[in-house]
Amino acid sequence: MGAWLSYADLYAAVSTAAAFPAVVAATTATSLTAPASVTHASRPTVSGLDYRGQTSGTVPDDTLAASAVTGDRNPSASSSSPSSRLGRDRIEKSGMAALQEALKTFAGVSIRDYGGIGGLKTVNIRNFGAQHTGISYDGVILTDAMNGQVDIGLFDLEAVSGITVKIAGNDDIYRSARLNSSVGTVEISTLRPLQGTRADVRLRAASFGTYEPYMRVSQGFGDNWNASVSVGGLVSDGDYPFVLHNGNVTTHEIRLNSDVKSLKTEANVHGEMGKAGNLDVKIAGAMSERGLPGSVILYTQHPSERLWDKSLICSVIHDVSFRIPLKLKTSLSYNDAWNRYLNDSASLPEPEDDRYRQRNATLSTVLLWSPKPFLSASVAEDLVISALSANIPGCLYPVRETSYTALSVKYSRGRLNAVASLLATIVREQTRKGSPAPGREHFSPSLGASFSIVPDLRLRASFKESYRLPTFNDIYYPRMGNKDLDPEKALQFNIGLAYDRLFDSSPGAWSVTASIDAYHNRVRDKIAAIPSMFIWSMRNLGKVNMWGCDLSCSASGRLADWLRLRTDATCSYQRAVDVTDKNSKYYKHQIAYTPRYSGYVSAVFETRWLNLGYSVQAVGVRYSLSQNTRAYRIEPYADHVLSLNRTFIFGRRHEWRLAASAEALNLAGKNYEIMKYYPMPGRNWRLTLKLSY
């Protein structure tokens, strides 16, 4: 099973970075008209940006004396559905080091963390579940056909240029058709290699014996070709202390079996071929070995489970524009993942040693037609083949062939912006043994619009139906799987207001963005595990109704010549209740792991000497099961983080940068739980040094 890819092959595998922010048009100050709206992450500057999007401090001699940027300041402010972006600058100044740390800053997004450095971490949008979240990495859609949950815990943010979260719709119609099937998407873009030679070397040390080295080199070839290679690793003992409360008895314990070792490597080639378009090639490999810390019940930990992972991602993306108003993007990607799960607990008659291999191949094409500046239409087609093999008894070796076809139209003129899409999903399945699940066909519509009420304030509304296919585990897992399962269907209704204002065009001027969105969601044919005598089975029995509101705001500007402040805040309220059976004990109870209230606040003070950041994430009461009783209650928590960072610039002929940062995490020192019986680390620290050339 493991012979398909050796460790040496993965060490040699390499990958890339993708799209840098789009270039915006510039004009002289005499012809500038005040733009209508904008996000901070998209506000460009007109002088000396280096390859990381930071000011280089050098301006070419032929730079125009005065210029300004025109166009929409903030694409997400005018979008027809909630959309927000986290840029590279904010990631660095806030001291974030992992994808889950960045995602918790978005309204409507929650992370499920099973504790420990190596514990599984998944992302949920408005608490639909990880299977409903689409994750795109430089245009490559990450999938897990076996259980539908992508583990984001081992992502490194070092090469990430931006993260965009879109909920209940998407105004970008020039994209993969498959992203239309999710209730929301997390789109990760990495730094694109540019001309010249660039190098970054980083070493991070943290509590509990944690070390994260990283290196990235970017090199240009000629005028139009460039490449980058990066290698990163993670080693951690993960043996953090925690306090265990059992009634009136309190003991001090050490977390067991939370160690992790991982290696990631990426390579990217980007080429501009003139009339033949642009070409991006990515190869990414990763491997890890980790302990699964398991739950802590009473005084018992079960350090008997371990997990090995190996993965390889290859992709080729070709994007070309024609003389007539047509654009064509074609991509081919392949994802190969191997997992080994070992449980040698003494309570088992014999050790469990399960091995799985998933393979996914995708051919994606999207054609964009823009007959008018204000009108565009697209047709997108994704063909996906997924296969699963395993050494467990009863594995049927399923193969799923899926076609996603999306037709989209976008109108943007004056005060109105509107988008309509229709997604057709066709699924066919085969098995080497036994009978496969039946084929499925479904049409999923979506419609959204935003309207400018007054300058800087827009009203938006959207409707979307999402279609979540059952995972291979749902259908084919021995004794539990159900081949007659129907896909989950989610209806999303959203209405909101978005405000964005830049008060003047002077350097350091204050800018404010804010949005509020109210929504109602319904989930039909929810897939749930139902006990039946001694054997559980998967059934379409669940129905969930959700009502909620997401609020987000940010402000930035200068308090003094030497001091700049940026503040961000999000707040979410959600009532998500199970309405499956009026006679059940949990009818109209809040669904599992869904807080009524949650929020995030951060402030970053920037000076010429030092940047100081503070943030707190607060999550209210949750329940581990749908029956909201005290036995299943999970206490609320607040996680405080303090960060310090500074960048030193030196060198005469060549510019060198040394960035140093320090973070203190979970300042309150409480071992709160995100998932019940999985205590999180208490107060801990992290130090980072990064040298760039």
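The values are calculated or read from the model by the stated rules, or taken from the named source; none is laboratory data. As the structure is a prediction and not an experimental result, all values here were calculated from the model. Cβ atoms come from the backbone with ideal geometry, glycine included; neighbour counts cover every protein chain shown. Only protein heavy atoms, including side chains, enter the accessible area calculation; ligands, DNA and RNA are left aside. Shrake-Rupley method; radii C 1.70, N 1.55, O 1.52, S 1.80 Å.
Descriptive notes on the structure:
- Within region 415-512, the chymotrypsin sites (Phe, Trp or Tyr not before Pro) that combine a DSSP coil assignment with at most 12 other C-beta atoms in a 10 angstrom radius are Phe503.
- Antiparallel bridges, percent of DSSP beta bridges restricted to region 133-213 (to nearest 5): 75
- Candidate aspartates and glutamates - alpha carbon under 16 Å from Lys676, same-chain residues fewer than 8 apart omitted: Asp113, Glu635
- Trypsin sites (Lys or Arg not before Pro) within region 301-400: DSSP coil, no more than 10 neighbouring Cβ in 10 Å: Arg323
- Modelled FRET efficiency - R0 25 Å, Ala529 with Arg596, Cβ distances, 0.05 increments: 0.50
- Placing a pseudo-label 7 Å from each Cα along the Cα-to-Cβ vector at Leu667 and Leu244 gives an inter-label distance of 3.1 nm.
- Within the chain: Cβ-based charge dipole about Cα centre, in debye rounded to nearest 20 (Lys, Arg +1; Asp, Glu -1): 1220
- Listed cross-link partners Lys261/Lys310; Lys93/Lys690; Lys327/Lys372; Lys104/Lys690 are compared with a 19 Å cut-off, the Cα-Cα value being larger for Lys104/Lys690.
- Backbone N within region 274-317 under 18 Å of label point (7 Å from Met480 Cα along the Cβ vector): 292-295, 305-307
- Difference of contour (0.36 nm per residue) and Cα-Cα distance, Arg428 to Ser370: 17.5 nm
- Coil-residue trypsin sites (Lys or Arg not before Pro) of region 467-540, DSSP, other Cβ within 10 Å capped at 11: Arg479
- When DSSP beta bridges are restricted to pairs lying wholly in region 302-372, around 100% turn out antiparallel.
- Surface share of carbon and sulfur [accessible, 1.4 angstrom probe, percent] for region 390-502: 60
- Taking a straight Cα-Cα cut-off under 13 Å and skipping sequence neighbours fewer than 8 places away in the same chain, the aspartates and glutamates within cross-link reach of Lys464 are Asp171.
- Total formal charge among the other residues, if their Cβ is under 11 angstrom from that of Glu429, Lys/Arg +1 and Asp/Glu -1: +3
- In this structure, Trp685 and Ile324 have a Cβ-Cβ separation that, at R0 = 45 Å, corresponds to a calculated FRET efficiency of about 0.20.
- In a fully extended conformation the segment linking Asp504 and Leu348 would gain 49.3 nm over its present Cα-Cα distance, using 0.36 nm per residue.
- Efficiency of FRET from Cβ geometry, Ser403 and Thr197, R₀ 30 Å, rounded to 0.05: 0.10
- Debye equation applied to the C-alpha atoms of region 319-381, log10 I(q)/I(0) at 0.23, 0.28 Å⁻¹: -0.93, -1.10
- 222 nm mean residue ellipticity, helices alone, for the chain (DSSP H n ≥ 4; -39,500 (n - 2.57); rounded to 500): -500 deg cm²/dmol
- Debye, to nearest 20: dipole size of region 505-598, +1 on Lys, Arg Cβ, -1 on Asp, Glu Cβ: 360
- Added length on full extension, which subtracts the Cα-Cα distance from 0.36 nm per residue, Ala361 to Glu655: 101.6 nm
- Candidate cross-link partners of Lys433 among the lysines, defined by an alpha-carbon separation under 16 Å and a same-chain spacing of 8 or more, comprise Lys483.
- Using the Cβ of Ile152 as centre and a radius below 14 Å, the other residues enclosed give a net charge of -3, where K and R count +1 and D and E count -1.
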